[in-house]
Amino acid sequence: MNLVLEKLPQGFLMAGNQAPMDLFDARGLLLLTRGQLVTEWIRERLTRSEVYTLKSEKKPFANIKPFSKDLYWDIIGSIWSIYHDAELITPEQISQTMVIIEWIIKEINDKCIYIDTNSLRVNLASFKEHDYCTFVHSVNVAILSTLSARELGYKGQRLKYLTLGAILHDIGKIKVPYEILNKPGPLSKHEVSIIRQHPLEGEAMLRNTKVLPRILTTVRQHHERWSGSGYPDGLSGSGICLEAQIIAVADVYDALTADRPYRKALPPYHALEMILTMEKEFNPVVVRAFRKSLNLYPKDTLVTLNTGEIGMVAAVPTSFPTRPLVRLLIDCNGKYVDRETYIDLMCELTYFIIEASSGNYYLAGP
Ligand SMILES: [Fe+2]
């Protein structure tokens, strides 16, 4: 895909609004970053000169698209309203959840979904309801697990039950006091033992719902580890059901990429690299499927590097998806790079991606 500078009509900027896209002058010098506040002074200066933005010459993607943000919020709101004051889960609540599972599977089916982690992330501290974080996490894990499972060949009813298990995997956390769940410091032994009850609590809450025993097992086993170091039963290897193994990887990835009271979120590339090094903790086949399905930086994604340079992903090595070949577009002085220059992150190990964005001009989905 080629990018060109396209002239914008005069007077399209309004003072008090945010810039809708990155804006450049005719030489390709960055004038204003997307999201920056347009003050009256900036508006007045820009109306006196020609302003350009980057446009793709053609729609680049036939089948890559980000997970719909609106749908994502609908799903979280629906799941929260079904479960937020739950004690024992009822068959009725499961039926309502199955409708939401259809939404998730329909959204990701037959599409190469790109999880735009930055836009899906929310400031969890802004929610007054203490359990909202649990439901945001559950939905993230459900989406990530469904993508992994699809990579492993799950489909039809089997895929739906996997997604149901993923949405419900942490339901037992409703029983854990807020002060323990969000404690900003180290937990006491007693507090750890309370948190470690949540897979069993979740299993107990689902007993009367007539869901398949396999789903109860999934909820119970999602903190078991391939090496045998997990809980509550210390199972290992294939003694852990495959659904719980799939959810475990997604669970850890989502926890690492979210802000916690005691640490900041890791960037996606860092979280994925950590998971790739935790060979003993997870089934390597599941990790491979997760890595493939995550589609962290699909070709043509616009990425910001730690050097301040902005580029577009030109190729992704299958074995190291966090280290793509990047075509440089904006240099570290904010200047548009008009001749083809590439940075190979496999070779340039001090470079890394700090942000992947999803502006319309480079993620034009079908
Ligand atoms: Fe959990």
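The values are calculated or read from the model by the stated rules, or taken from the named source; none is laboratory data. Keep in mind that what you see is a predicted model, and the values were worked out from it rather than measured. Because the Cβ atoms are built from the backbone with ideal geometry, glycine has one as well, and the counts that use them run over all protein chains shown. The accessibility values were calculated without ligands, DNA or RNA, using every heavy atom of the protein model including side chains. Shrake-Rupley method; radii C 1.70, N 1.55, O 1.52, S 1.80 Å.
Key figures
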{"item": "Accessible area of the chain belonging to carbon and sulfur atoms, whole % at 1.4 Å probe", "result": "53"}
{"item": "Computed magnitude of the charge dipole of region 3-56 (debye, nearest 20; Cβ of K, R +1, Cβ of D, E -1)", "result": "60"}
{"item": "Within a Gaussian network of the chain (alpha carbon springs, distance under 10 Å), most fluctuating of Lys69, Lys173, Lys292", "result": "Lys69"}
{"item": "Å² per residue, accessible surface of the chain at 1.4 Å", "result": "48"}
{"item": "Solvent accessible area, Å² - Val99, 1.4 Å probe, full protein context", "result": "80"}
{"item": "Beta bridge orientation in the chain: antiparallel %, DSSP, nearest 5", "result": "90"}
{"item": "Calculated P(r) of region 138-261 - Cα pairs past 25 Å, %", "result": "20"}
{"item": "Gyration tensor verdict on region 68-294 (Cα atoms; rounded if a/c is under 1.5, prolate if a/b is larger than b/c, oblate otherwise)", "result": "rounded"}
{"item": "Between 0 and 90°, nearest 10: helix 91-108 axis offset from the chain longest Cα axis", "result": "30"}
{"item": "Tilt relative to the chain, helix 242-256 - C-alpha long axis, 0 to 90 degrees, to 10", "result": "50"}
{"item": "Cα-Cα over 32 Å, subset of Lys160/Lys280; Lys292/Lys335; Lys160/Lys189; Lys175/Lys292; Lys106/Lys183", "result": "Lys292/Lys335; Lys160/Lys189; Lys175/Lys292; Lys106/Lys183"}
{"item": "Cα-based convex hull volume of region 208-366 per residue, rounded to whole Å³", "result": "170"}
{"item": "For region 214-230, Karplus couplings with θ = phi - 60° (6.51, -1.76, 1.60), whole Hz, Gly/Pro x", "result": "4, 6, 4, 5, 4, 4, 5, 9, 5, 9, 6, 10, 3, 7, x, 8, x"}
